[in-house]
Amino acid sequence: MELDLSPKLAKKVYGDDGGSYYSWCPNELPMLREGNIGAAKLALEKNGFALPRYSDSSMVAYVLQGAGVAGIILPESEEKVIAIKKGDAIALPFGVITWWYNKEDTELVVLFMGDTSKGHKPGQFTDFFLTGSNGIFTGFTTDFVKRAWDVDDDIAKALIGNQKGKGIVKLDANVKMPEPKPDHRKGMALNCEEAPLDTDIKNAGNVVLLNTQNLPLVGQVGLGADLVRLEGNAMCSPGFSCDSALQVTYIVKGSGRLQVVGVDGKWVLETIVKAGNLLIVPRFFVVSKIADPGGLSWFSIITTPNPMFTHLAGSIGAWKAISPEVLQAAFKVPAETEKLFRSKRTNDAIFFPPPN
């Protein structure tokens, strides 16, 4: 049975006045289960507070919209309280506890993508909440809570029952939350919209890579990531991940055409992708994109911290490295055709501007 590779939108799992949590379901996007990848989105309204939780999966968070505050507690470490804004990428290893808060008028939206190979459900994150109606306190009896935290009966009952919210709550405007500390941000987050560009092709596109050099924590997470911005009508070279990694792509902005070619040269997908879509390209399958006039941007995670790609067109394309005689024989074309083929795309790498 062939896998359905068509891009999908997230569906709401829970939420209330403070915001909502959305997830992509492995039943609708089978490559999530096949690749042991989870994906979800957190959207917080003004004064929305995502209660402290930890997950069964390591992941990368990416801020799609807005600004807010995140609390991050690595195992056996102090709490890091950092300001977050659109474009920030944050590596979240196993065992990290997080909370998220939005005090601004604009909705704060955070994307999560990660590895579920050690999780409870392949292709789906399982969060464990420290507080709330589904928090760990509600599962223990009062006598266990009293003894573990050395509190009396009234305090134990308050800890267990006072917070009726589930996952996300809306705080009163007068509630004071911790202020972010600038020095806490170092090594915890990288803004992909402000970071130095790894590749920049005029009138075509650019890319920022997230790896162990610019955000060492991704080494603990075991994932790499990138933010790609394609100009209107520009093309991204056909290519594939050459280190057996999976690439999970979320369309951040714009729209465009996408084609995927798989085993035996078979066309496996042609579709229009648009903002909010998530898709996964199987290992070694070749993918290419052409942006619509308004451009196309996407954020991807790759299931290795320092990914490698082979591009099949452009100045660094694999064809350029193959001997002319081999190309002639492989394509079964005369020398003139091979020379013409080789002479094209000598200046453009990875991204190609619109044709004149």
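The values are calculated or read from the model by the stated rules, or taken from the named source; none is laboratory data. All of these numbers come straight from a predicted model, not from anything done at the bench. Because the Cβ atoms are built from the backbone with ideal geometry, glycine has one as well, and the counts that use them run over all protein chains shown. These accessible areas exclude ligands, DNA and RNA; they are computed on the full protein's heavy atoms, side chains included. Shrake-Rupley method; radii C 1.70, N 1.55, O 1.52, S 1.80 Å.
Do we find a residue being open to solvent by 30 Å² or more (accessible area, probe 1.4 Å), touching a strand residue (DSSP E or B) at 6+ places or on another chain (Cβ under 9 Å), part of a strand (DSSP E or B) and at pLDDT 95 or above anywhere in segment 237-251?
No.
Output the number of residues of segment 73-98 satisfying the condition of being in contact with a Pro (Cβ under 6 Å, 6 or more places away or on another chain), under 13 Å from Asn191 (Cα atoms) and among the β-branched types (Val, Ile, Thr).
Residues in segment 73-98 being in contact with a Pro (Cβ under 6 Å, 6 or more places away or on another chain), under 13 Å from Asn191 (Cα atoms) and among the β-branched types (Val, Ile, Thr): 1 in total.
From the list Gly95, Gly114, which residue is closer than 30 Å to Trp298 by Cα, open to solvent by less than 70 Å² (accessible area, probe 1.4 Å), in the same structural domain as Val13 (by the TED database) and assigned to a loop (DSSP other than H, G, I, E, B)?
Only one candidate qualifies: Gly95.
Considering only segment 130-141, state which residues are β-branched (Val, Ile, Thr) and either open to solvent by 60 Å² or more (accessible area, probe 1.4 Å) or out of contact with any helix residue (DSSP H, G or I) (no Cβ under 7 Å at 6 or more places or on another chain) (or both).
Once the filter is applied, which keeps residues that are β-branched (Val, Ile, Thr) and either open to solvent by 60 Å² or more (accessible area, probe 1.4 Å) or out of contact with any helix residue (DSSP H, G or I) (no Cβ under 7 Å at 6 or more places or on another chain) (or both), segment 130-141 yields Ile136, Thr138, Thr141.
How many residues are free of Cβ contacts under 8 Å to residues at least 60 places away in the same chain and more than 30 Å from Lys164 (Cα to Cα) if we restrict to segment 1-26?
Total satisfying the criteria: 2.
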